Structures are given as C-alpha cells and as structure tokens.
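Every number in this text was worked out from the coordinates using simple rules, so none of it is lab data. All values derive from a computational prediction rather than experimental measurement. Cβ placement follows ideal geometry from the backbone for every residue including glycine, while neighbour counts extend to all protein chains displayed.
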Amino acid sequence: MKIPGVEYKTLCKYCNLSNDLLIAEEDGFMVYAYDEPFNNGHVVIVPRRHVPLSELSIEELYRALRLIRKAEATLRDVYHPQGLNIGLITYPHAAFHVVPRWGGDVSFIKVFFNTKPIPETPIQYAERLRKAWGS
Ligand SMILES: [Zn+2]
C-alpha cells in the first residue's frame, strides 16, 4: 500500500548511503563501504539510478559485473579473504553486495547476540579501500 504524497525513493537505503562511505564512482555506479557490514570490507555496488535489476540494461549489467570483479581484486589485495560472497538485491533498487569471508567468521557472538565485532568501522575501511581501488 502506498500513502499518497509520500516520495518512496527518499526512503531507499541505497539512495541515502553516506558520502563518507563512498569508495568510488564509476560507469554510472557507486561503490560504498556498507553501513551494516556482515564482515570487515563488506562493500555494496549500486546503480546511481533508483531502479530494480529488471530495469538495468544488459550494458549496465556488464558494467556492474566488471565492478564486482574489481571489488573482488581490491578486497583480495587489501584483506586476503579466504573467499568472497556476492549477494544481489533486486528490488526496489538493485544492489550488489560483495562480502569477504574467512573460516569461522560466524562466531557465537553473532549466533547468540545477533551482533558482530569487526576490526574497522565502515568509514575506516572505506578510506582504506578508496586508496586501493584506484591502483
Ligand atoms: Zn534507491
């Protein structure tokens, strides 16, 4: 149900990520350190346009995949993870999450307290990845 007069786009999480978390802007996409990270280095790649996956062109999907590949290379350089997961949000705003993974990274603290300590804040690791992204 939509409330008349409400601009839903302004409620979109991905349209409102902080510039402090911005790592790069390339090819019509924004790359951010995610503000609710599952792990240290968790990034999200979002199209500048507030559109679902079904409205991205094939060319845009190709560019997104290139950025995912660049995120993988950057995260491997900086964090040396044992693996990387990609999560895809399709609607209302397409978003590609790239999450470094290490063995045992789901600890009892996450399981019992639904919280997870990470060594850097998203603002700290955004700065680190911003430097590594261009190189
Ligand atoms: Zn949006």
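Kindly provide the helix-only [θ] at 222 nm of the chain, computed as the sum of -39,500 (n - 2.57) over DSSP H runs of four or more divided by all residues, to the nearest 500 deg cm²/dmol? Display every interim value, and only then the final one.
Numbers: 3 runs with 40 residues, N = 135.
Roughly -9500 deg cm²/dmol at 222 nm, from the helical runs in the chain.
Can you count the Lys pairs in the range 8-133 with C-alpha separation below 24 Å, eight or more apart or on different chains? Write out the running numbers ahead of the final one.
Numbers: 13/70; 13/110; 13/116; 70/131.
Pairs that pass both the separation and distance tests number 4.
Just flag the GluC sites (Glu not before Pro) in the range 1-86 sitting in loop per DSSP whose Cβ has no more than 10 other Cβ atoms within 10 Å.
On the way: sites: 7, 25, 26, 55, 59, 60, 72; in loops: 7.
Taking the range 1-86 and a limit of 10 other Cβ atoms within 10 Å, the loop GluC sites (Glu not before Pro) found are 7.
Pop out the ³J(HN,Hα) list for the range 86-91 in order, Karplus 6.51 cos²θ - 1.76 cosθ + 1.60 with θ = phi - 60°, rounded to Hz; leave Gly and Pro as x.
Karplus-based 3J(HN,Hα) across the range 86-91 equals 10, x, 10, 9, 9, 8 Hz.
Quickly work out the residue 18-to-residue 57 label distance, labels modelled 7 Å from Cα along the C-beta direction, and quote it in nm with one decimal.
For residue 57 paired with residue 18, the spin-label model returns 3.5 nm.
Once both axes come from the Cα atoms, what is the angle between helix 58-79 and the longest principal axis of the chain, in degrees from 0 to 90, rounded to 10?
Taking Cα atoms only, the helix is inclined about 20 degrees.
Which value does Rg/Rh take for the chain over its C-alpha atoms, Rh per Kirkwood? Show your work: numbers first, answer last.
Numbers: Rg = 15.5 Å, Rh = 15.7 Å.
Here the Rg-to-Rh quotient is 0.99.
Pairing the Cα long axis of helix 122-133 with the longest principal axis of the chain, what angle in degrees results, from 0 to 90 and rounded to the nearest 10?
Roughly 90 degrees, rounded to the nearest 10.
With contacts defined as alpha carbon pairs under 8 Å and 6 or more residues apart, what's the relative contact order of the chain in percent?
Numbers: 196 pairs, mean separation 40.2, N = 135.
Rounded, it is 30 percent for the chain.
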